[in-house]
2 protein chains.
Amino acid sequence: MTVPNILLVGTGGVGTIVALGLHYNKKASISVVVRSDYEKVKETGWTIHSVDYGNINGWKPDYIYPTVEEAAKNAIYDYVIITTKNLPDVIKPEKVVAPAITEKVTTIVLIQNGFDLGRSFIAKYPENICLSGVSHIGSHNNNGTITQTQKDKCLISYFKNPNLEIPSQELKAKEFIDLYSNDKNDVTYFDDVKWYRYRKLVYNATLNTVCALTGVDTGRLQLAGTLNTVSIPAMKEVISIAKADGVELPKDVINTVVHSDDGDWFKPSMLVDVEKGNPIELEVILGNLLVVAKELKVETPILSILYELLKAKQFKLKEDRGIITVPKERPISDQIYN
Amino acid sequence: MTVPNILLVGTGGVGTIVALGLHYNKKASISVVVRSDYEKVKETGWTIHSVDYGNINGWKPDYIYPTVEEAAKNAIYDYVIITTKNLPDVIKPEKVVAPAITEKVTTIVLIQNGFDLGRSFIAKYPENICLSGVSHIGSHNNNGTITQTQKDKCLISYFKNPNLEIPSQELKAKEFIDLYSNDKNDVTYFDDVKWYRYRKLVYNATLNTVCALTGVDTGRLQLAGTLNTVSIPAMKEVISIAKADGVELPKDVINTVVHSDDGDWFKPSMLVDVEKGNPIELEVILGNLLVVAKELKVETPILSILYELLKAKQFKLKEDRGIITVPKERPISDQIYN
């Protein structure tokens, strides 16, 4: 019996533990693409300190490739899992994995932050199934050493592809769970991906964004008053978009979200990215949401301004990383503004 | 004949050249308050490199005091000039100079950035005249060495005090110009202080603020698109407030303001402050404007969000400077949010 071929792209803290979990099960052949650490990992594997799997020196999956193109030469993949950061304004994930996708065959699994991530994949691969994974793991990659401090807890579902039958998509999600779930991790099926991703946005589109913009953690945001004047009104906009999209969030969701960081001076991920000088996941957290809001004709005065302000911040983050450049002399525009 | 007593508070790059210009004229007795550099300046005076007055070693005015209280012990002042940054959320300028103000006697001269600065002084000193100075000087104080690179160009007017006759206020402004204006500087009377300060806000409330928030200069703000989506709509709000306040700004003001930095990757003052870790002049640039907008019932959806976001940024700037502190453990709030 041949086992499914799985390719994973994005061997950070999350992705490496996902690959390890799949490999531990021995139900599939696991290939990974390693970009920056390829030579080192190919030679010596990963050093892993994991709350789930213990300490492992020199762990390797079945195959390691330096690029998606190389990986694509050697197999047809039943699953391609993407565990990179999702930065479509820097590089589109559906382009990154394109060489490894076989139309109608490969199931795409997006274990990434953000909202409505399936849309661009389904547009490009209308007859492929696209699964959604929301990970609650705590895990970091520091020069090839993976330190996993929080259990690999992952909710799997599918981004609804209107070109395919629902049961086949649900079945595929459950097949994937069978490959991935084991006695160490906590991988479960979650029916309503849209509900869940809206629920996460109540935090991410409003606290994550505002903290990234202002440079304060959620505790200081509360003390400064900006929680009440900006983030909570923005949460109401998220709830309105969800409602227009047929998703009813819990009545006390705002209270739950605000109190979720109680007792911590907590820095959300986008603020951490800004402090590290990394581009932020602006498009998948806020950009995609605003596309849906526009389609549904929901007004978003606050979220839209946050998005436009963060675009300038993102411009700087990209420029500082050399992703974009500006000429030494500022060009003079002859545009008339009014 | 006794000459008028003038006290100047705030001996930065601007204030020191103002004091020097007054002293050069020999029409008044000039006292200054020097806080951080007092011992050094008392001993050796200032080293000045000035486009207006040339190179001067060891310049001193008539009197130098370490505090306003000390200055107040030695004279009754006809004029008290304030050339500090205006940060009422850190320290209220009307409190700083209080010991040196004699009711009904002292004319207060505010050579500071910002909008509606006279209000708090007139509330506290209803029978004193309050003059407005808008400075276009380029001058910096670096450890007691003043480097003035751009001419001392100053527009003087008065903040209308409803308790006093108009002619007496206008006359006082012109008397002050007579003391200050000389053959080196360019000090003129400007009739309509409100018009002028609104005109400045078209830039300061919209570009200065947004650059401070996003961390980019005005050129990059344009390239990122945020000029068009946030700053220009915010300019329209400033124009609406001005209009409701009886001030008609030029039809092409937006175009003029946007093009004022043409060819420069220009960092406005608030962004420079953020980069240096200094508290920003948020209240006098945006807070005071929003008070007026509210009184006039003008809607300010964009300016209000910018203000609330910058309050969080200001919180961090103040905390980093030790002006405010937070407890080590974040307190748990039992407030219910909805």
Looking only at residues that are facing chain B (nearest Cβ under 9 Å) and among the hydrophobic types (A, V, I, L, M, F, W, C) in the range A:283-307, which one is farthest from A:Gly322 (Cα to Cα)?
A:Ile302
Those residues of the range B:267-282 which are surrounded by fewer than 22 Cβ atoms within 10 Å (Cβ to Cβ), assigned to a helix (DSSP H, G or I) and within 14 Å of another protein chain (Cβ to nearest Cβ) amount to B:Asp273, B:Glu275
Is the range B:111-121 home to any residue that is in contact with a Pro (Cβ under 6 Å, 6 or more places away or on another chain), touching a residue at least 12 places away in the same chain (Cβ under 8 Å) and not basic (Lys, Arg)?
no
Among the numbered conditions (1) at the interface with another protein chain (Cβ under 7 Å from one of its Cβ atoms); (2) assigned to a loop (DSSP other than H, G, I, E, B); (3) touching a Ser or Thr at 6+ places or on another chain (Cβ under 7 Å), tell me where B:Val326 comes up short.
(3)
Selection count, the range B:73-105, where residues are out of contact with any Leu (no Cβ under 8 Å at 6 or more places or on another chain) and more than 30 Å from B:Lys313 (Cβ to Cβ):
10
For the range B:12-22, does any single residue satisfy the condition of being out of contact with any Phe, Trp or Tyr (no Cβ under 8 Å at 6 or more places or on another chain), touching a residue at least 60 places away in the same chain (Cβ under 8 Å) and surrounded by fewer than 16 Cβ atoms within 10 Å (Cβ to Cβ)?
yes
One residue from A:Leu221, A:Leu201 being buried (at least 18 other Cβ atoms within 10 Å of the Cβ), within 14 Å of chain B (Cβ to nearest Cβ) and out of contact with any Pro (no Cβ under 7 Å at 6 or more places or on another chain):
A:Leu221
Residue hits (the range B:38-62; buried (at least 17 other Cβ atoms within 10 Å of the Cβ) and in contact (Cβ under 8 Å) with a residue 60 or more places away in the chain) are B:Val41, B:Trp46, B:Ile48, B:Ser50, B:Asp52, B:Tyr53
Within the range B:304-323, the count of residues that are in a loop (DSSP other than H, G, I, E, B) and of a type in the set (Asp, Glu) comes to 0
When you look at B:Lys236, is it within 14 Å of another protein chain (Cβ to nearest Cβ) and surrounded by fewer than 20 Cβ atoms within 10 Å (Cβ to Cβ), yes or no?
yes
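Does A:Val210 satisfy the condition of being more than 21 Å from A:Gly246 (Cα to Cα) and in the same structural domain as A:Val253 (by the TED database)?
Yes; evaluated as a whole, the condition is true for this residue.
The values are calculated or read from the model by the stated rules, or taken from the named source; none is laboratory data. Note that this is a predicted model, so its numbers are computed, not measured. Neighbour counts run over all protein chains shown; Cβ positions are idealised from the backbone, glycine included.
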